[in-house]
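In what follows, a structure is listed as structure tokens, so that the remarks can point back to it.
The values are calculated or read from the model by the stated rules, or taken from the named source; none is laboratory data. These numbers come from a predicted model, not from an experiment. Because the Cβ atoms are built from the backbone with ideal geometry, glycine has one as well, and the counts that use them run over all protein chains shown. For the accessible areas, the whole protein counts, side chains as well, though only heavy atoms, and no ligand, DNA or RNA atoms are used. Shrake-Rupley method; radii C 1.70, N 1.55, O 1.52, S 1.80 Å.
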Amino acid sequence: MKRLMRLFFVVVLTAVLAACTSSEPADLLAKIEEDGVIRVSTDPNYAPQSFLDESGEFVGFDVDVAKEIGKRLGVEVEFVTPDWDLITAGNWGNQWDMSVGSMTVTVARQEILHFAEPAYYYTPAQFAASDASGIESLDQINGQPVCVGLSTTYETWLNGNKAELGFPESSFYAEAPTGVSVVPLQTDNECAQAIQAGRTEFSVFLTSGTVVQAAIDEGIAIHRVGSPVYSENLAVAFDKKSSLDGTSLVARVSEIIAEMHADGTLSTLSNQWFGADLTSDPTK
Amino acid sequence: MAAATSDSTKSQAQLIYEQQRRRQRRFSTGVNVSYLVLLGILFLAFSGLQVNILGVHLKTIQLDWAFIVERTPFIFGGVGLTIILAILSISLACVLALLGALGRLSKFPPAYALATFYISLIRGTPLLLQIIFIFLGLPQLGITPGGMTAGVLALGINYGAYMTEIMRAGIQSVGVGQREAALAIGMVPSQIMRRIVLPQALKLVVPPIGNEFIAMLKDTALISVTGFVWEILWRAQKVGRANFRSLEALLVAAVFYWVITILFTMVQGRIEAYVARGDRTL
């Protein structure tokens, strides 16, 4: 028994020492170029942005954008799949280098994450309601329970924390409805599925126009309510708390995004996945 | 015995024995038929049929079977990982449980306190919380476990705490006379533990550990919350959500979990028979 105990302690000590003594280059871009791989987080809960095809391959608009960025950086892309909550919370612990996940740029997120400038595309925030509800206009949403995905801008906006979003005034097309109770579910898609399943806690939800379109395409009995309520800038994000310096990577990826806007790559991909060009800023 | 033999030539004992055999056969046939009926009802519940019986409208769950057929291979890809996770975790749990049991039986105050503290802390908090805590907490210490490592650590530590009591019961069930005898022939305490007590205790703890393993097979699903481990539930949730077909995907996952459990229950039966092979039976 004693020998076993001693062995146990040695193993634990070695593990702790190994974890403490590893040394890495200080610049994130340099490390990525040295490894030849950039690790990109993606949340394959959303078609057509990021989802898994029949053979389990990542496909979608975000996935293609990430691959193109990798190509222009001259490195391989490796996808990792942390939950959305973990991505937006920052402090990634160097488990992945970059998020190409349709993340909206907000003031609150900018405190913990770097965003590549400019945004790579723009989506409208859109209310939708079940066909059975009889809700047809934005006024009818006042006082209703409204479903949203957890940690989304929709949740923030409905809770009245517009300042936390920090969008320019021109991004907002409507005032938030009054007297709503917010029902946050794990992802936006759960809202549509709850309605489809016949749950009755809510009949309205707020999400990206692309998610509403995907749900309608899948034959779920919902419809758009009113026109979009605000526009979101979706950008590539990086961890501010990383132990490696990300400044040069953010600058390089920003350049790449600008190039992809200029040479029409993003427009082509957007048309391919959304059937529309969502790459120009609607507020300009 | 020849088929032509008449009843009159059989002894009373043979007749009673044959009657018992007939009853047993009838019972097991009845059980098997009932299983089939229950399975049939389960299938019917997912058939999507709607019927009107005497004015009562009965609805069943409607599923997109084409989607199920298309996505089953991808979800099946998580089966191996689920089993590996459970095997790694139960191995870690066994080691921790043994150390914990020795601590609980120790006369050395810090060892006893450590073991008791460990059991109390782990049994006093939810497994799901422990998984998230290990996944998010360890990186703060500069140790960044992958989802797999974090999951195995959390499951192993959690089950280890519960299994400590199983191990302790097993060790304590070995009669004190065994220890006395070993002492008398000049063994030292560590020898007694290794050569006399543990081999006998092991036989007793195998069935409950098998039980824990079967429970753990399903608790591996909780590791899906880290997002990094593509086991059965993670795969089902992702393909289900992205296609607005969660019910279908979860049903496929449920079938796989059930089949795995049935298979491992059979394996457990074999192992139990193996460790009990020296036992006297009536």
Since B:Val37 meets every condition but one in (1) over 29 Å from B:Val229 (Cβ atoms); (2) open to solvent by less than 80 Å² (accessible area, probe 1.4 Å), which condition does it not meet?
-> (2)
Complete set of residues in the stretch A:106-132 that are over 15 Å from A:Ser231 (Cβ atoms) and open to solvent by less than 40 Å² (accessible area, probe 1.4 Å) = A:Ala108, A:Arg109, A:Leu113, A:Phe115, A:Ala116, A:Ala128, A:Ala129, A:Ser130
All helices (runs of 4 or more DSSP H) inside the stretch B:176-282 with 1 or more residues being open to solvent by less than 70 Å² (accessible area, probe 1.4 Å), of a type in the set (Val, Ile, Thr) and away from chain A (no Cβ under 14 Å) | B:198-219, B:246-275
Which of (1) within 14 Å of another protein chain (Cβ to nearest Cβ); (2) touching an Asp or Glu at 6+ places or on another chain (Cβ under 6 Å); (3) of a type outside the set (Asp, Glu) is the odd one out, the single condition A:Ala108 does not satisfy?
-> (1)
Of A:Val100, A:Val63, which residue is open to solvent by less than 10 Å² (accessible area, probe 1.4 Å), over 25 Å from A:Thr156 (Cβ atoms) and modelled with pLDDT of 95 or more?
-> A:Val63
Which of the residues that make up the stretch A:51-83 are in a helix (DSSP H, G or I) and among the β-branched types (Val, Ile, Thr)?
-> A:Val63, A:Val65, A:Ile69
Do we find that B:Leu128 is within 29 Å of B:Val225 (Cβ to Cβ), touching a residue at least 12 places away in the same chain (Cβ under 8 Å) and in a helix (DSSP H, G or I) in this structure?
-> yes
Please indicate, with yes or no, whether at least one residue in the stretch B:37-49 is within 30 Å of B:Met163 (Cβ to Cβ), of a type outside the set (S, T, N, Q) and free of Cβ contacts under 8 Å to residues at least 12 places away in the same chain.
-> no
Kindly indicate whether any position in the stretch A:165-177 is in contact with a Ser or Thr (Cβ under 9 Å, 6 or more places away or on another chain), of a type outside the set (Asp, Glu), within 14 Å of chain B (Cβ to nearest Cβ) and surrounded by fewer than 16 Cβ atoms within 10 Å (Cβ to Cβ).
-> no
Out of A:Ala214, A:Ala235, sole residue that is within 14 Å of chain B (Cβ to nearest Cβ) and either modelled with pLDDT under 95 or crowded, with 24+ Cβ neighbours inside 10 Å (or both) | A:Ala214
Which is open to solvent by 60 Å² or more (accessible area, probe 1.4 Å) and either in contact (Cβ under 8 Å) with a residue 40 or more places away in the chain or of a type outside the set (Gly, Ala, Ser) (or both), of B:Thr149, B:Thr164?
-> B:Thr149
